[in-house]
Amino acid sequence: MARLKEQEKQFIERNPYVGVVTTLRDDGSPHSTIVWVDMENGKPSFNTAMGRAKPKHLEHDPRASLLVVDPNDAYKWVAVSGHTQMTEEGADAQIDKLAKKYVGKDKYPWRKPTERRVTVLIEPEKVDASGFED
C-alpha cells in the first residue's frame, strides 16, 4: 500500500480543484470523468450516484485512478490509483460538503429526489505527485 504525504492530502482536501477519475468498463476500456474530490479517513474520495457509469464499472472491477491538477500550475498534481470501496453511509453529507467547497452552496443544488448518493474511497496502491517539496 502507498501513502499520500500530508501536503498531498491537503492539496486534495482544501483546494476546489476537480479531479479526473478513470474506471474500467466491462470490456476493460478506460472511462474518465470529472469529479469533485475529498479526503475521507486519509483516503482520496469522490461522490456519485447509483445508476451512473462509475458505480456500475466499480461493481464489475473496483480499480480506479484519480488525477488532481492545480489549474494554475499544470506541473503541480497528485495521481492516486488503487482498489475502491463504495458506501452510501455519509454520502448525502459528503455531497453537500463538496457543494460548499466547489460551488459555495450549503446543499447540492442538482439533487434528484430519487437518487442514492455513494461515496467512493480509493485505497492508495500507487501514488505519484509533482510540484511538492519533500
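Structural remarks
- Check on residue 40, of a type in the set (Asp, Glu), free of Cβ contacts under 8 Å to residues at least 40 places away in the same chain and either closer than 17 Å to residue 118 by Cβ or open to solvent by 30 Å² or more (accessible area, probe 1.4 Å) (or both): no
- Matching residues in segment 66-84 - criterion: being in contact with a Ser or Thr (Cβ under 9 Å, 6 or more places away or on another chain), free of Cβ contacts under 8 Å to residues at least 60 places away in the same chain and either surrounded by 14 or more Cβ atoms within 10 Å (Cβ to Cβ) or charged (D, E, K, R) (or both): 66, 67, 77, 79, 81, 84
- Against the numbered list (1) touching a Leu at 6+ places or on another chain (Cβ under 8 Å); (2) under 20 Å from residue 131 (Cβ atoms), residue 42 comes up short only at (2).
- Looking across segment 8-31, the residues that are open to solvent by 70 Å² or more (accessible area, probe 1.4 Å) and more than 15 Å from residue 102 (Cβ to Cβ) come down to 25, 26, 27, 30.
- The listed residue being of a type in the set (A, V, I, L, M), over 12 Å from the mean Cα position of the chain (by Cα) and at pLDDT below 95, out of 2, 53, 91, 49: 2
- Of note, residue 97 satisfies the criterion of being at pLDDT 95 or above, of a type in the set (Lys, Arg) and not in a strand (DSSP E or B).
- Meets criteria (among the hydrophobic types (A, V, I, L, M, F, W, C) and touching a His at 6+ places or on another chain (Cβ under 9 Å)) for residue 74: no
- Taking first residues from segment 91-105 that are without any contact (Cβ under 8 Å) to a residue 24 or more places away in the chain and partners that are assigned to a helix (DSSP H, G or I), the Cβ contacts under 6 Å between residues at least 6 apart in sequence or on separate chains come to 105/99.
- Residues that are surrounded by fewer than 13 Cβ atoms within 10 Å (Cβ to Cβ), hydrophobic (A, V, I, L, M, F, W, C) and not in a helix (DSSP H, G or I), drawn from segment 100-131: 110
The values are calculated or read from the model by the stated rules, or taken from the named source; none is laboratory data. The structure presented is a predicted model; accordingly, all values stated were derived computationally and were not measured. For neighbour counting, all protein chains shown are included, and Cβ atoms are generated from backbone atoms with ideal geometry for every residue, glycine included. Side chains included, ligands, DNA and RNA excluded: accessible areas come from the protein's heavy atoms. Shrake-Rupley method; radii C 1.70, N 1.55, O 1.52, S 1.80 Å.
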